[in-house]
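For reference, the structure is listed below as structure tokens.
The values are calculated or read from the model by the stated rules, or taken from the named source; none is laboratory data. Note that the structure is predicted; figures quoted are calculated from it, not measured. FYI the Cβ positions are ideal-geometry reconstructions off the backbone, even for glycines, and counts take in every protein chain you see. Side chains included, ligands, DNA and RNA excluded: accessible areas come from the protein's heavy atoms. Shrake-Rupley method; radii C 1.70, N 1.55, O 1.52, S 1.80 Å.
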Amino acid sequence: MATNSTNKIVSIQEDHVLINNLSQRNSNESASSKDFVIYTVDEHTGTIYSSSVILCNTILGSGLLAMPFALSNVGLFLGMFLILFSGFASGFGLYLLGKCAQEIPDRKSSFFSVAEQTYPKAALLFDLAVAIKCFGVSISYLIIFGDLVPQVVTFFTGNDTSFFATRLFWITFGIVGMTPLTFQKRLDSLKYASLVAMFAVLYFVIVVSQYYFFADRIPPPKDDIKYVNFSYAILKNISLFVFAFTCHQNIFSIHNELKDNSFSNINKIIIMSIGFCMCLYQWVANPENAATSYCRIAVAVFVISAYPLQCHPARASINRIVNSFSSVNNHDLIIPEEPNRQENDHSLEVDLSSEEQLSRTSEAVQRPDSSEPAMLQTVYSEATDPQYYIITTAILVFSYLIAVSIKELGLVLSFVGSTGSTSISFILPGILYWKMHEKSPPSIIKNLSIILVIYGIVVMVVSLYVNFTT
């Protein structure tokens, strides 16, 4: 009996140490001073292949269409180099975020949770950057879908005045068709839609290849082919290369939902996704290739299927921003009142009065319905049902209204690429990794993370300057 009592005292003391450690991490500077509803994934269904398909669909989207335009402006050889460079830079950003995700326990990683351990006061700003980027990209997908499908309808019907050949009809059709997928709470639930999109991409590649090797075509004059174009066009189009590989907003959800989320598996997903997309861009980005005229419907399918992949992280970020203003500040543990104990008290032969407070504190940590400090709760929080549906509906409605109002896709892509994409692809991964490993010995990875941040800042400033001046 004495042994049991001693074990109980040791266990309670360990709980006390745990609480003290968590309290130290949950400093007054923490941006997550709200009590969030805990989001738990009941079943981890993600696999390496399903996650790679989702990440590829996130990467491609409108980047597959923007690449020929960017390549035609900077030149063939320089464009191919920028594709490789942007792919490796984006992959390194994913690598850094994957490393950061491994430091967050209980599959609760997100930009917010990582920022809470590094730059707590800026956590909401990071979420704001993710929300703006993803919302902007979702708008671009609707614009592309609304531009492509009417061309297909006109080609088959020969009537370009029909209501079914208008942007308004097809953007409306696209938003209605994607609504059920947009309301899915799990990213892995979109794997089948992403798989359909990959078949559309495969069809696109086959048509391009057939056109290049077997079609009767007249090659462009050699003098019209630009191999390297060192001009102002490089600065004007650099954001499109950055935008073409942005998928970092979904790497945390993939980490959280993966069955075996070891870093080696995360690395495999990154290599497979970035490698596949780099090869695909190199092959289909030939600006003289007109094969896209014959497979617009395939392009429209994989573009619109990527719409929910942007709404998912946008909703999560907006939800945390809303919670930060609506929740009540409370960093302290609430110790529940001691319940009446009328049994088993006689079994203790030692005086536990000195343990009473520790025991109550331990119960406060273990009780699922007790108020917990922000650091004990996942910041990858799930909204209540009304809040979840309101945020999702707002994203759908506002993205639809903006898409039907804007016809210039380049404006959307340039702004999103120069701000949101550079932030979450280069700047945030670099500074979050460096801060999280600040006290570790100097290493090549730490030095490269700083270089990645500098590169992201330079690209953002240059791209914004070019966009505003032109």
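Would the range 47-57 turn up any residue that is modelled with pLDDT under 90, outside any helix (DSSP H, G or I) and surrounded by fewer than 24 Cβ atoms within 10 Å (Cβ to Cβ)? Within the range 47-57, not a single residue is modelled with pLDDT under 90, outside any helix (DSSP H, G or I) and surrounded by fewer than 24 Cβ atoms within 10 Å (Cβ to Cβ).
Taking the listed residues GLY61, GLY93, GLY98, the one that is closer than 24 Å to TYR307 by Cα, open to solvent by less than 10 Å² (accessible area, probe 1.4 Å), under 16 Å from the mean Cα position of the chain (by Cα) and modelled with pLDDT under 85 is GLY61, with no other qualifying.
Quick one: is LEU148 over 17 Å from SER423 (Cα atoms), aliphatic (A, V, I, L, M) and touching a Gly at 6+ places or on another chain (Cβ under 7 Å)? Spelling it out, it is not the case that LEU148 is over 17 Å from SER423 (Cα atoms), aliphatic (A, V, I, L, M) and touching a Gly at 6+ places or on another chain (Cβ under 7 Å). TYR211: more than 25 Å from ARG315 (Cβ to Cβ), in a helix (DSSP H, G or I), open to solvent by 40 Å² or more (accessible area, probe 1.4 Å) and at pLDDT below 85, yes or no? When the stated conditions are applied, TYR211 passes them. Checked against the criterion of being within 23 Å of CYS247 (Cβ to Cβ), touching a Ser or Thr at 6+ places or on another chain (Cβ under 6 Å), part of a helix (DSSP H, G or I) and in contact (Cβ under 8 Å) with a residue 60 or more places away in the chain, the candidates ALA129, ALA123, ALA115 yield just one match: ALA129. Against the test of being under 24 Å from the mean Cα position of the chain (by Cα), modelled with pLDDT of 90 or more and either open to solvent by 40 Å² or more (accessible area, probe 1.4 Å) or over 21 Å from TYR281 (Cβ atoms) (or both), the options THR182, THR172 yield a single qualifying residue, THR182. For the condition touching a Gly at 6+ places or on another chain (Cβ under 6 Å), at pLDDT 80 or above, open to solvent by 10 Å² or more (accessible area, probe 1.4 Å) and part of a helix (DSSP H, G or I), what is the one hit in MET278, MET272? Testing whether each residue is touching a Gly at 6+ places or on another chain (Cβ under 6 Å), at pLDDT 80 or above, open to solvent by 10 Å² or more (accessible area, probe 1.4 Å) and part of a helix (DSSP H, G or I) leaves just MET278. Taking the criterion of being open to solvent by less than 40 Å² (accessible area, probe 1.4 Å), at pLDDT 90 or above and within 30 Å of ALA233 (Cα to Cα), the residues of the range 439-469 that qualify are SER449, LEU452, VAL453, GLY456. Taken together, the residues in the range 437-470 that are part of a loop (DSSP other than H, G, I, E, B) and among the charged types (D, E, K, R) amount to 2. Of all the listed residues (PRO150, PRO120), the sole one being open to solvent by less than 70 Å² (accessible area, probe 1.4 Å) and in contact with an Asp or Glu (Cβ under 6 Å, 6 or more places away or on another chain) is PRO120.
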